[in-house]
Amino acid sequence: MPIYRACRDRRWFSLRGNGRKGVLADSGISDRVRTLIADQIDSVVQLEILLLLREGADREFAAREVADVLRIGPAWAEPHLIGLCVRGMLVCSSGPEPRYRYQPSSPELKAAIDELAQCYAERRVSVTALIFSRPPNPLRDFSDAFRLRKERPNG
């Protein structure tokens, strides 16, 4: 028997059972935001990084700075930053220490990210549930297994 809890916007969702089926189906999140999450956002950490850079859109960040603000390791922040660059949400400047700046590649993407930021501020539980309920992407998981990683100088 499922256990139910109310989220902030007074919708009910199941805490047990198949978390992918019917998770916050009526959560007040637009189709545009749902599509952005499904197609572009891999984790809550990645979303937090995107929103951090969006709030500081007038400056560039190094992976180390992002890691310090979010209290994560720089080695964990950098792949997320690169992924957001590849997806056209950030731009990266090259150099000895790459720097990243929020600059969506299109006005439509910017509008979708703005709407996502608003939803996350108002419906954090619903947005988080959507991120965690994404079906796995077997093709991406398979290709990630073969990604070449730089060796660290200290081991």
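Determine whether segment 50-58 contains at least one residue that is within 13 Å of the chain's Cα centre (by Cα), more than 19 Å from Ser30 (Cα to Cα) and basic (Lys, Arg). Looking for residues that are within 13 Å of the chain's Cα centre (by Cα), more than 19 Å from Ser30 (Cα to Cα) and basic (Lys, Arg), one finds at least one in segment 50-58, hence yes. Among the residues of segment 81-102, is any at pLDDT below 95, within 20 Å of Leu51 (Cα to Cα), more than 18 Å from the chain's Cα centre (by Cα) and not charged (D, E, K, R)? Yes, segment 81-102 has at least one match. Scanning segment 48-74 for residues that are of a type in the set (A, V, I, L, M) and assigned to a loop (DSSP other than H, G, I, E, B) returns Ala57, Ile72. Among residues of segment 88-109 that are under 12 Å from Ala63 (Cβ atoms), those with a beta-carbon under 9 Å from a residue that is hydroxyl-bearing (Ser, Thr, Tyr) and modelled with pLDDT under 95 at least six positions away or on a different chain give the pairs Arg99/Ser93; Tyr100/Ser93.
The values are calculated or read from the model by the stated rules, or taken from the named source; none is laboratory data. These figures come from a predicted structure and were not determined experimentally. Using ideal geometry, Cβ is built from the backbone for each residue, glycine included, and neighbour counts are taken over all protein chains shown.
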